[in-house]
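Inspection log for the structure reproduced underneath, given as structure tokens.
The values are calculated or read from the model by the stated rules, or taken from the named source; none is laboratory data. For clarity, every value in this text was computed on a predicted model and none was experimentally measured. Note: ideal-geometry Cβ built from the backbone for every residue, glycine included; neighbour counts use all protein chains shown.
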Amino acid sequence: MEAHYVRRVIKLVAGTTDTFAAARIRKTVWRWMEIEPETIELYRATWPRFRDWLALLDGEPVGAATCALMPGMEEDAAAFAVNCVLPEARRQGVGTAIYRQVSVHARSLGKSELAVFGFEDAWTVSPSPSGAASSW
């Protein structure tokens with residue numbers, strides 16, 4: 001029996017290539033958070049040393065990443081990073097490619113650490129034992 005292998009191409013491009021795709025990916029992954037293209041543009045204009053990337057898998061936008069110095073925290077050891085990959089593109093090396101690029105940028109900023117926000121995939125609102133709603 002002959003083995004068939006499919007090689008997919010992962011390419012990271014500047015986030016400015018398609019800000020609308022970057023916002024769409026973030027909205028899809030973070031269903032509870034509104035991210036508009038204008039928000040990303042605002043971060044680009046106002047956050048120190050802000051860089052963002054769009055991850056393409058076989059030419060299709062499937063991931064987005066950001067790395068910057070948080071305003072007011074420029075002297076911290078860590079750079080701030082936000083990364084997300086569409087569910088259908090996970091486990092294919094996209095997240096690893098994003099992480100590597102973000103790490104390179106953080107090192108270029110003189111930072112030895114990354115502060116990364118992470119979110120669970122199945123975010124829900126459920127009652128706590130006290131009856132109050134909790135988000136995790």
Test: residue in region 106-118 that is in contact with a helix residue (DSSP H, G or I) (Cβ under 7 Å, 6 or more places away or on another chain), assigned to a loop (DSSP other than H, G, I, E, B), hydrophobic (A, V, I, L, M, F, W, C) and more than 18 Å from Leu42 (Cα to Cα): no
Output for region 1-42, where each listed residue is modelled with pLDDT under 90 and more than 19 Å from Val85 (Cβ to Cβ): Met1, Glu2, Ala3, His4, Tyr5, Thr16, Glu34
Residues satisfying the stated conditions in region 98-127, i.e. at pLDDT below 90, within 13 Å of the chain's Cα centre (by Cα) and closer than 18 Å to Trp30 by Cβ: Ala115, Val116, Phe117, Gly118, Phe119
Spans of strands (runs of 3 or more DSSP E) in region 1-86 with at least 2 residues surrounded by fewer than 19 Cβ atoms within 10 Å (Cβ to Cβ) and of a type in the set (A, V, I, L, M, F, W, C): 10-14
